[in-house]
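Novice: Here it is, the structure in full.
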Amino acid sequence: MSANERPSGQQQTGRPAASATADSAFLRACRREPVSHTPVWFMRQAGRSLPEYLKVREGIAMLDSCMRPDLVTEITLQPVRRHHVDAAIYFSDIVVPLKAIGLDLDIKPGVGPVIGQPIRTRADLERLRPLDPDDVKYVTEAVGTLVGELGATPLIGFAGAPFTLASYLVEGGPSRNHERTKALMYGDPELWADLLDRLADITAAFLKVQIEAGASAVQLFDSWVGALAPADYRAHVMPASTKVFDAVAGYGVPRIHFGVGTGELLGLLGEAGADVVGVDWRVPLDEAARRVGPGKALQGNLDPAVLFAPRQAVEAKAREVLDAARGLEGHIFNLGHGVLPSTDPEALTRLVEYVHTQTAR
């Protein structure tokens, strides 16, 4: 299937903007094509580091804000206006599709997603019904509005990867050691595989909604997968992640894969089906390229904590990232994880300007 064709039964919507974004530095870098400058965007760029975000979110619960197209649009646009980043990332949360299919969950401030009834038995799987586009009409509306507002700036859609979603569902919330998750994975591999397979279908459906509404690229966040050894990732996780990437391959949009603490998994993250592999700050980009192998662009990888240092130190560390990226097939500058909540927004704006200036071709 060519990049211009769509899988059977799926409508081509939101595509007029594709021609406007196709020549953007971000999409060119994803495709490993020459760029006028190294593109920059930041994970969690739309969020708690921005006073304008805190103002519009005041008194509104996180999940409620994710289901209001007007708020999603405004919050997604805020960092583009302020920082002049090269791409917007759709404002949402990885548990939104799980909430949309009726699971009892909430995002508690200072804690994170909390699941009312964890998924731990085969009978529990029945609560994971397929995601229908009508379940997330607010996503279609928000993406459509954003594509019109953003013009030539690409919009990145995103979803949580099956392993990370499974960890929240099995643990009942955030976990430091993922003991229940690993116990299920090792103790009942058939149930584990079925759980991840269902989550792969839900995740793929969520990404398809965003792409069909006009998203120019998608990123799969596997936040907790760095807790696994490579052999366990290959055996117990990679099939589900591959299923997600394969499900959206026919749309021809770049697919980004990112996890934290995944230095030992970088090659496998690319092998799972990504076009772009996100790298955290623990592995230099030139070494990451060796581990990933040819045919992939890389994204990353400044330590988010560096932004708390003086300007000269930030620029020196950014220079190290750019030097390590010299010679890569494609590079998108990003942090090695999300923007920390107490980050000075001006530090981000200055960093974008520095990267753009230093890499102007």
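Novice: Looking at the chain, send over the antiparallel percent of its DSSP beta bridges, to the nearest 5. Provide the component values of the computation, followed by the final result.
Specialist: Working: 4 of 27 bridges.
DSSP beta bridges in the chain are roughly 15 percent antiparallel.
Novice: Cα centroids of the range 170-235 and the range 291-357: how far apart, whole angstrom?
Specialist: Distance between centres, Cα-based: 27 Å.
Novice: Now a separate question. Taking amide H positions as placed in the peptide plane 1.01 Å from N, state which residues far from GLY173 in sequence (5 or more) or on other chains have amide H under 5 Å from it.
Specialist: Hits under the 5 Å cutoff: ILE115.
Novice: List the residues, sorted by chain then number, that are 5 or more residues from ASN334 or on another chain and whose placed amide H is less than 5 Å from its amide H.
Specialist: Excluding prolines and chain starts, which carry no amide H, the hits are GLY300, ASN301, LEU302.
Novice: Once phi is turned into θ = phi - 60°, what whole-Hz ³J(HN,Hα) does the Karplus curve with 6.51, -1.76 and 1.60 give for every residue of the range 159-173, x standing for Gly and Pro?
Specialist: 7, x, 6, x, 5, 5, 4, 4, 4, 4, 5, 6, 6, x, x
Novice: If amide H atoms are built 1.01 Å from N in the plane of the peptide, which residues on other chains or at least 5 residues away come under 5 Å of the amide H of GLY261?
Specialist: Those qualifying (amide H under 5 Å, at least 5 residues apart or on another chain) are ASP280.
Novice: How far, in nm, would the chain grow between ALA309 and ARG234 when pulled straight, counting 0.36 nm per residue and subtracting the alpha carbon separation?
Specialist: My answer for the length gained is 23.2 nm.
Novice: Carbon and sulfur together cover what percent of the accessible area of the chain at a 1.4 Å probe radius? Don't skip to the end; give the middle numbers.
Specialist: On the way: 7270 of 14570 Å².
Summing carbon and sulfur atoms, their accessible area is 50 percent of the total for the chain.
Novice: Within the chain, count lysine pairs with alpha carbon atoms under 27 angstrom apart where the residues are 8 or more positions apart or belong to different chains.
Specialist: Within the chain, the lysine pair count is 17.
Novice: Which residue, GLN299, TYR53, VAL352, has the largest displacement toward the positive end of the dipole of the chain when charges sit on each Cβ (Lys, Arg +1; Asp, Glu -1)?
Specialist: Final value for the positive-end residue is VAL352.
Novice: I've got another one for you. Which trypsin sites (Lys or Arg not before Pro) does the range 150-208 hold that lie in a coil by DSSP with at most 13 other beta carbons within 10 Å?
Specialist: ARG176
Novice: Something else: Given 0.36 nm per residue, what is the gain on full extension from GLU287 to ASP134 after removing their alpha carbon distance, in nm?
Specialist: Values: separation 153, 0.36 × 153 = 55.08 nm, distance 4.37 nm.
Contour length minus the Cα-Cα distance gives 50.7 nm.
Novice: Remind me, relative contact order of the range 155-251 in percent, using alpha carbon pairs under 8 angstrom and six or more residues apart? Each step should come with its number before you reach the end.
Specialist: Details: 111 pairs, mean separation 43.6, N = 97.
Rounded, it is 45 percent for the range 155-251.
Novice: Moving on. With θ set to phi - 60° and the Karplus curve 6.51 cos²θ - 1.76 cosθ + 1.60, what are the ³J(HN,Hα) couplings of the range 309-322 in order, to the nearest whole Hz, using x for Gly and Pro?
Specialist: Per-residue couplings from phi come out as 7, x, 3, 4, 5, 4, 5, 5, 5, 5, 4, 4, 4, 5 Hz.
Novice: Could I ask something else about it? Compute the accessible area per residue over the chain, keeping the other protein chains in place, probe 1.4 Å, unit Å². Present the calculation step by step, with values, prior to reporting the outcome.
Specialist: On the way: 14570 Å² over 361 residues.
With the other protein chains kept in place, the chain gives 40 Å² per residue.
Novice: Next question, about the same structure. For VAL111, VAL170, give me the order by solvent-accessible area with a 1.4 Å probe, most accessible first, ignoring ligands, DNA and RNA. Intermediate results must be reported in sequence, preceding the final value.
Specialist: Numbers: VAL111 85, VAL170 0 Å².
My answer, sorted largest first, is VAL111, VAL170.
The values are calculated or read from the model by the stated rules, or taken from the named source; none is laboratory data. Values in this document were obtained by computation on a predicted structure and should not be read as measured data. Reconstructed Cβ throughout: ideal geometry from the backbone, glycine too, with neighbour counts over all protein chains shown. For the accessible areas, the whole protein counts, side chains as well, though only heavy atoms, and no ligand, DNA or RNA atoms are used. Shrake-Rupley method; radii C 1.70, N 1.55, O 1.52, S 1.80 Å.
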